[in-house]
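The values are calculated or read from the model by the stated rules, or taken from the named source; none is laboratory data. Please read all numbers here as calculations on a predicted model, not as lab measurements. Note: ideal-geometry Cβ built from the backbone for every residue, glycine included; neighbour counts use all protein chains shown.
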Amino acid sequence: MPNKIPGKCNVCGYDVTDHPAGGMYKKNKWDRKLAKEYCERSANSHQTVKPIWRKCCGILDHYSVKLKIDNRPAWQR
């Protein structure tokens, strides 16, 4: 089903015209590279950071941060 309004997602309602800078899209190779570099740069040794893309239009929705579980006591870390 094609979009009735150009630049607007039918499922989530994201409108490109509301955001002058556009956004980050999963289909764009450069945007995927930037998201991956951001995740590597911002995560510390006790975290994993992963970009979450919307399934409907492929726009970057948010970053998922998961803490790595370490069973050692705090004084041994």
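Here are the numbers for the structure shown:
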{"quantity": "Positions within segment 35-55 being farther than 27 Å from ILE69 by Cα and loosely packed, with under 13 Cβ neighbours inside 10 Å, in sequence order", "calculated": "LYS55"}
{"quantity": "Of the criteria (1) crowded, with 16+ Cβ neighbours inside 10 Å; (2) basic (Lys, Arg); (3) in a loop (DSSP other than H, G, I, E, B), which one ARG32 fails", "calculated": "(3)"}
{"quantity": "Top-ranked residue of segment 5-16 - restricted to ones that are at pLDDT 75 or above and of a type outside the set (Lys, Arg), ranked as surrounded by the most Cβ atoms within 10 Å (Cβ to Cβ)", "calculated": "TYR14"}
{"quantity": "Index of the failed condition, PRO2 passing every other in (1) part of a helix (DSSP H, G or I); (2) modelled with pLDDT under 80", "calculated": "(1)"}
{"quantity": "Residue that is farthest from CYS9 (Cα to Cα), among those in segment 19-44 that are at pLDDT below 85 and among the small types (Gly, Ala, Ser)", "calculated": "ALA21"}
